[in-house]
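Worksheet: one structure, shown below.
The values are calculated or read from the model by the stated rules, or taken from the named source; none is laboratory data. Computed from a predicted structure; not experimentally measured. Accessible surface areas use protein heavy atoms only, side chains included; no ligands, DNA or RNA. Shrake-Rupley method; radii C 1.70, N 1.55, O 1.52, S 1.80 Å.
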Amino acid sequence: MSRLTRWLAPKTLVRAHCDIPCGIYDPAEAVLAARTVARMVELINGLEGNDTNTRNKFSRCVQVKEQHAEKVKREVQVIWSDYFKPEHLDAAPDLHTKVWNVLKLAGKNKQSVDAEAAAQLEAAVKEFADIFWATKK
């Protein structure tokens, strides 16, 4: 790497969506992430045996489950904080409670392998997405 390239290279890596605001919001990634959490729970609960391959699959499934539970949190928080405005609360006065519930369920799914909690997360994220799309009409 040349001296100029090193000098021009960013010192800090940042990620955002989006503080402009760009107006591009879609809860589809949160919905897919919640479905992924549920699917990983299904796969984990279906594992049999204690050989190396099974333990490796277990580890990978847990890692993916936790990554996607965190993704649910991130995607919902961005839409909640950047997209929703006070006028949206007229149509969905319990929005804050619903978001709080999604975030708590995502955390619960990071902490455990619970099919019921995964199903609740999927339902809560779908409800959040439905509220979002209702505001777009």
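Annotations
- Shown here are the Rg and Dmax of the Cα trace of region 34-133, at 15.6, 56 Å.
- Heavy-atom accessible surface of GLU66, to the nearest 10 Å², is about 70 Å², with a 1.4 Å probe and all protein chains retained.
- Solvent-accessible area, 1.4 Å probe, carbon plus sulfur percent, for region 28-137: 52 percent
- Links that overshoot a 25 Å alpha carbon limit, given the list LYS65/LYS98; LYS65/LYS85; LYS98/LYS137: LYS65/LYS85
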